[in-house]
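Worksheet: the structure to be examined is printed underneath.
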Amino acid sequence: MRYIMTMFWAFALGQVVGFLGGALSSQPYDFTLTTIFSLISGLMIIFLGTLFTPKKTQH
């Protein structure tokens, strides 16, 4: 469930950042390109989170 929520928030926040970035730089807003970049960023966040999470060891 946490992966689904991470991808949802990556999508939602990516769209906001893409829209505001396009508006501030006077560029047209591209939904498809923004979606691709935001979902790739979400996957990178998930990957880095699993990579740097300490493993639980049993004593």
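Nothing in this text is a laboratory measurement; each read-out follows from the coordinates by a stated rule. Everything quoted here is computed from the prediction, not taken from an experiment. Using ideal geometry, Cβ is built from the backbone for each residue, glycine included, and neighbour counts are taken over all protein chains shown.
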Legend entry - Among 30-36, 7-13, the order from most to least packed when residues are scored by Cβ within 10 Å on average: 7-13, 30-36
Inset, instruction - Step through the residues of the stretch 35-43 one at a time and calculate ³J(HN,Hα) from phi using the Karplus curve (6.51 cos²θ - 1.76 cosθ + 1.60, θ = phi - 60°), rounding each to whole Hz and writing x for Gly and Pro. - result: 5, 4, 5, 5, 6, 5, 5, x, 5
Legend entry - From the coordinates shown, P(r) over Cα pairs in 5 Å bins from 0, in percent corresponds to which of [x] 4, 19, 21, 18, 13, 10, 7, 4, 3, 2, 1, 0; [y] 4, 22, 35, 27, 11, 1; [z] 4, 14, 15, 18, 17, 13, 9, 7, 3, 0: [x]
